[in-house]
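The values are calculated or read from the model by the stated rules, or taken from the named source; none is laboratory data. Source: prediction; values computed, not measured. Because the Cβ atoms are built from the backbone with ideal geometry, glycine has one as well, and the counts that use them run over all protein chains shown.
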Ligand SMILES: [Zn+2]
């Protein structure tokens, strides 16, 4: 019985690690891509400007989408302790307060008032990747390794 539980725990740990270092996709502006749809037709691109996260909305061809009826809510913080963040709309992107390195940014995107909310999350980890020296949250090393 004990052995079964251990096996289960270790397989859960592997799944969690695979998720945390899942495919990092980099957008046309060098930011981190978040999925804003279930079928790759809408994306968010997170960049850092002036000490804040800027989140632009991109279509399936990674072209910028003008903001109209789209809404975004955000939570951020350490694992399991994310708190609501104040989101502003500025031009064609959302502006979200930054979280600390190692913390999570979790956003809910709605294309319009009737659309179903899509949740996307990323860990903002600014530690330097030993391989490419880039910040981990923008590093594609683990994604490339899998290919
Ligand atoms: Zn790297």
Meets criteria (within 19 Å of residue 27 (Cα to Cα) and within 16 Å of the ligand (Cβ to nearest atom)) for residue 134: yes
Within 16 Å of the ligand (Cβ to nearest atom) and without any contact (Cβ under 8 Å) to a residue 40 or more places away in the chain, is that true of residue 64? no
Qualifying positions in the stretch 107-124 - crowded, with 19+ Cβ neighbours inside 10 Å and within 13 Å of residue 72 (Cβ to Cβ): 107, 109, 111, 120
Residue under question is residue 51, and the condition is that it be surrounded by fewer than 16 Cβ atoms within 10 Å (Cβ to Cβ) and modelled with pLDDT of 95 or more; does it hold? yes
Which one is nearest to the chain's Cα centre (by Cα) among residues in the stretch 89-131 that are under 18 Å from residue 51 (Cβ atoms) and within 16 Å of the ligand (Cβ to nearest atom)? 122
